[in-house]
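Participant: Handing you this structure, nothing more for now.
The values are calculated or read from the model by the stated rules, or taken from the named source; none is laboratory data. Since this is a predicted model, take the numbers as computed values, not measurements. Cβ coordinates were reconstructed from backbone atoms using ideal geometry, including for glycine residues, and neighbour counts include every protein chain displayed.
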Amino acid sequence: MKKKVLIVDDSALMRRVFYDIINADERFQVEDVAKNGLEALNLILEKKYDAIVCDINMPKMTGLELLEALHRYKINANILMASTLTREGASETIRALELGASDFITKPENFIEAKGNDFKTHFMELLSAITKFRTIYKEKKEEILKPVLVKRDNLIKKDGKKIIAIACSTGGPRMLHMLIPKLPPKLGVPVLIVQHMPGGFTKSLAERLHETSKVNVKEAEEGDELIDGNVYIAPGGMHMKIKKNGIAHKINLTKEEPREGVRPCANYMYESLGESSYEEVICVILTGMGQDGTQGIKNLKKQKNVYVIAQDKDSSVVYGMPKAVTEAGLVNEIQPIEKIADAIINYLGV
């Protein structure tokens, strides 16, 4: 049975573009289209869809207002936002992800780009990913969340310098908003984050996290010195590595070729920590497509004492990256997103 999709956009051109791309894939069909969030809400309250492709700026009810309405109705939907590349668009996109959108795609700048294979392929990859593991219209239930796995066998815990390194992709921004604000101001270690994103969006992500967190959060810049208690997010479209500089460690940003099909790639971050003076690395793998992070952690384990925490399947938007690192036998703890901050704090003893 084909998966049913609702398109929500006030642009007739974009509705046509999304319609043609989706219906050309035998796995999906466009069930309905809506010109604004209000029309979409009325449809969603009456019918069920496997995914919703939604614009942000629309008359009568915006995409953000639609997300807020779905939250009030306790509807947990698979939503792919269609965003612009503007500064305002980036900020609104991050807010949409925080409100529960699964991921976003930047709108093509012209008709030629819209019909290009690169845009079509990326769009369908995202649509397929957000409908693969989650069930739409799943109401949240209050329940006791327990760890699936805690394994500390053969782990030699050291008292030396430690660092936290987080990797995430599809669904990651929302998970970061559930994790980073829970970290204490006296964390005592630096935090690195690789979130798969194009350029222009990570700065807004960092600014929003900084506003809502007790720790300092910033988009990483070339030459930034790592400071305990600070959080550094790799800029979209740039790989982030750590280089030792005397007794200090600094961030090195590069535009090397994508790895695992992405840039930034977490494997580069993890492998660069092998040459650092950090004796222990707490690796956290959150929701995301693919298997970025797995090879990097494998290589890092050859040089450093590594403790790996992976997000569980039920709380992941896409159970790809956590699944890969778990199946590779590298994981010490599997936790729901609500428990990962506690797992980090307990492990650090802060």
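Participant: How about the stretch 331-350: which of its residues are without any contact (Cβ under 8 Å) to a residue 40 or more places away in the chain and either over 24 Å from PRO185 (Cβ atoms) or part of a helix (DSSP H, G or I) (or both)?
Facilitator: ASN346
Participant: Okay, moving on. Identify the residue in the stretch 292-319 that is in contact (Cβ under 8 Å) with a residue 60 or more places away in the chain and among the charged types (D, E, K, R) and, among all such residues, is surrounded by the fewest Cβ atoms within 10 Å (Cβ to Cβ).
Facilitator: The residue in question is LYS313.
Participant: Determine which member of the set GLU39, GLU88, GLU65 is assigned to a helix (DSSP H, G or I) and in contact with a helix residue (DSSP H, G or I) (Cβ under 7 Å, 6 or more places away or on another chain).
Facilitator: Exactly one of GLU39, GLU88, GLU65 is assigned to a helix (DSSP H, G or I) and in contact with a helix residue (DSSP H, G or I) (Cβ under 7 Å, 6 or more places away or on another chain), namely GLU65.
Participant: Now for a separate question. Only one of these conditions is not met by LYS161: (1) at pLDDT 75 or above; (2) more than 30 Å from SER277 (Cα to Cα). Which number is it?
Facilitator: (2)
Participant: Of all residues in the stretch 252-274, which are outside any helix (DSSP H, G or I), surrounded by 23 or more Cβ atoms within 10 Å (Cβ to Cβ) and of a type in the set (A, V, I, L, M, F, W, C)?
Facilitator: Once the filter is applied, which keeps residues that are outside any helix (DSSP H, G or I), surrounded by 23 or more Cβ atoms within 10 Å (Cβ to Cβ) and of a type in the set (A, V, I, L, M, F, W, C), the stretch 252-274 yields only CYS265.
Participant: Further, regarding this structure: Pull up the stretch 181-204, narrow it to residues that are farther than 20 Å from THR84 by Cβ and in contact with a strand residue (DSSP E or B) (Cβ under 6 Å, 6 or more places away or on another chain), then point me to the one that is surrounded by the fewest Cβ atoms within 10 Å (Cβ to Cβ).
Facilitator: Checked the stretch 181-204; the qualifying residue surrounded by the fewest Cβ atoms within 10 Å (Cβ to Cβ) is VAL189.
Participant: Here's another thing I want to ask about it. Can you pull out every residue in the stretch 231-251 that is touching a helix residue (DSSP H, G or I) at 6+ places or on another chain (Cβ under 8 Å) and either surrounded by fewer than 17 Cβ atoms within 10 Å (Cβ to Cβ) or among the small types (Gly, Ala, Ser) (or both)?
Facilitator: ALA234, GLY236, LYS243, LYS244, listed by residue number.
Participant: Any residue that is more than 19 Å from PRO235 (Cα to Cα) and in the same structural domain as GLY160 (by TED's automatic domain parsing) - is there at least one of those in the stretch 263-272?
Facilitator: no
Participant: Of the conditions (1) under 21 Å from ALA343 (Cα atoms); (2) under 22 Å from the mean Cα position of the chain (by Cα); (3) surrounded by fewer than 23 Cβ atoms within 10 Å (Cβ to Cβ), PRO322 clears all except one; give me its number.
Facilitator: (3)
Participant: Does VAL30 count as crowded, with 23+ Cβ neighbours inside 10 Å, at pLDDT 95 or above and of a type in the set (A, V, I, L, M)? If you could, list the steps in order and put the result at the bottom.
Facilitator: Numbers: crowded, with 23+ Cβ neighbours inside 10 Å: no; at pLDDT 95 or above: yes; of a type in the set (A, V, I, L, M): yes.
Taking the combined requirement at face value, the residue does not satisfy it.
Participant: Moving on to the next point. Identify, by number, the condition in (1) touching a strand residue (DSSP E or B) at 6+ places or on another chain (Cβ under 9 Å); (2) at pLDDT 95 or above; (3) part of a loop (DSSP other than H, G, I, E, B) that GLY290 doesn't meet.
Facilitator: (2)
Participant: Can I ask one more? Considering the stretch 171-224 alone, what residues qualify as being polar (S, T, N, Q) and assigned to a loop (DSSP other than H, G, I, E, B)?
Facilitator: If the condition is that a residue be polar (S, T, N, Q) and assigned to a loop (DSSP other than H, G, I, E, B), then SER213 is the only one that fits.
Participant: From the list LEU80, LEU45, LEU70, which residue is in contact with an Asp or Glu (Cβ under 7 Å, 6 or more places away or on another chain) and either more than 22 Å from GLY236 (Cβ to Cβ) or buried (at least 21 other Cβ atoms within 10 Å of the Cβ) (or both)?
Facilitator: Result: LEU80 is the single residue among LEU80, LEU45, LEU70 that is in contact with an Asp or Glu (Cβ under 7 Å, 6 or more places away or on another chain) and either more than 22 Å from GLY236 (Cβ to Cβ) or buried (at least 21 other Cβ atoms within 10 Å of the Cβ) (or both).
Participant: If you scan the stretch 80-122, which residues turn out to be under 15 Å from HIS196 (Cα atoms) and touching a residue at least 24 places away in the same chain (Cβ under 8 Å)?
Facilitator: As a first pass, look at the stretch 80-122 and keep what is under 15 Å from HIS196 (Cα atoms): 90, 93-94, 97, 102-106, 122.
Those that are under 15 Å from HIS196 (Cα atoms) and touching a residue at least 24 places away in the same chain (Cβ under 8 Å): ALA90, THR93, ILE94, LEU97, SER102, ASP103, PHE104, ILE105, THR106.
Participant: Okay, moving on. If you go through the stretch 305-330 one residue at a time, how many are under 30 Å from GLU279 (Cβ atoms) and assigned to a strand (DSSP E or B)?
Facilitator: Adding up the residues that qualify gives 7.
Participant: For residues that are within 28 Å of the chain's Cα centre (by Cα) and either crowded, with 20+ Cβ neighbours inside 10 Å or assigned to a helix (DSSP H, G or I) (or both), tally how many sit in the stretch 4-15.
Facilitator: Result for the stretch 4-15: 7.
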